[in-house]
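Student: Pasting in a structure now, in structure tokens, and then I'll have a few things to ask.
The numbers here are math on the coordinates, done by the rules we state, and not lab data. The structure presented is a predicted model; accordingly, all values stated were derived computationally and were not measured. Cβ coordinates were reconstructed from backbone atoms using ideal geometry, including for glycine residues, and neighbour counts include every protein chain displayed.
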Amino acid sequence: DAKTTQPNSMESNEEEPVHLPCNHSTISGTDYIHWYRQLPSQGPEYVIHGLTSNVNNRMASLAIAEDRKSSTLILHRATLRDAAVYYCIRKPTGTASKLTFGTGTRLQVTL
Amino acid sequence: NAGVTQTPKFRVLKTGQSMTLLCAQDMNHEYMYWYRQDPGMGLRLIHYSVGEGTTAKGEVPDGYNVSRLKKQNFLLGLESAAPSQTSVYFCASSYGNRGPHTGELFFGEGSRLTVL
């Protein structure tokens, strides 16, 4: 069962960094960690993924703990457009992306 | 490049009626998926396909059928709709994990189905 644990909700002020935590204490050595987000009334969109090393892309950074039991998605400067539900997902190896979406973290961004 | 397109976007059915949701992708992806999302819940996988002519069951397949006759299309059918199938349905597609591909899912905008 590829479960992760995330806080139900978080708040942030605009222009400030946001750290979204995720616990995946039972992760196997070959599972990737994927993050998606879902804006209101839209389908989820891919944000970032990683295996062991920290990762950066234009949207966010992903910091993975050395023991891989947790990770943190970092939005460097939150904007109102970043208000969404963020999903942290363990992706088992294999070619089909049969991802298990939990309830995620609802991020509220205020002025 | 339209990405993943779902039709229809909204539909209201009566109990017992049948309908088909169409998903089309123009990214030449091998894999396609159907998810449902109920209020306050995450997405649950209904069925998926790893290539033209192949389908497989996901987490909640009962009451649904699927077909993948063409690589770019993935159809989700409800033969006899029930109120419990009221939900928002999302289609997604992806490459596999081979080579540079990450298995990243590309989602459509969703189809809102209400069964009365």
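Student: Let me spell out the model: positive unit charges on the Cβ of Lys and Arg, negative unit charges on the Cβ of Asp and Glu, origin at the Cα centre of chain B. What dipole size does that give, in debye rounded to 20? Each step should come with its number before you reach the end.
Tutor: Working: 11 positive and 9 negative charges, 39 e Å.
Taking the Cα centre of chain B as origin, the dipole is about 180 debye.
Student: For the protein assembly as shown, how many pairs of lysine residues have a Cα-Cα distance under 24 Å, where the two are 8 or more positions apart or belong to different chains?
Tutor: Lysine pairs, 8 or more places apart or on different chains, close enough: 17.
Student: A further question on this structure: When 1/r is averaged over all different Cα pairs and the result inverted, which Kirkwood radius in Å belongs to chain A? Before the final figure, lay out each step's value.
Tutor: Numbers: mean 1/r = 0.0714 Å⁻¹.
Here the Kirkwood hydrodynamic radius works out to 14.0 Å.
Student: Oh, and also: So, in nm, how far is label A:SER28 from label B:VAL60 when the simple model puts each one 7 Å beyond its Cα toward the Cβ?
Tutor: 2.5 nm
Student: Between B:THR15, B:THR86, B:THR55, which gets the highest mean-square fluctuation from a Gaussian network model of chain B, Cα cutoff 10 Å?
Tutor: B:THR15
Student: Another question about this same structure. Just the Cα atoms of the protein assembly as shown: what Rg and Dmax do they give in Å?
Tutor: 17.7, 53
Student: Let me ask another. Taking each residue of B:31-40 in turn, how many C-beta atoms of other protein chains fall within 10 Å of its C-beta, and what is the average?
Tutor: On the way: counts 4, 1, 4, 0, 4, 0, 4, 0, 0, 1.
Average neighbour count from other chains, rounded to a whole number: 2.
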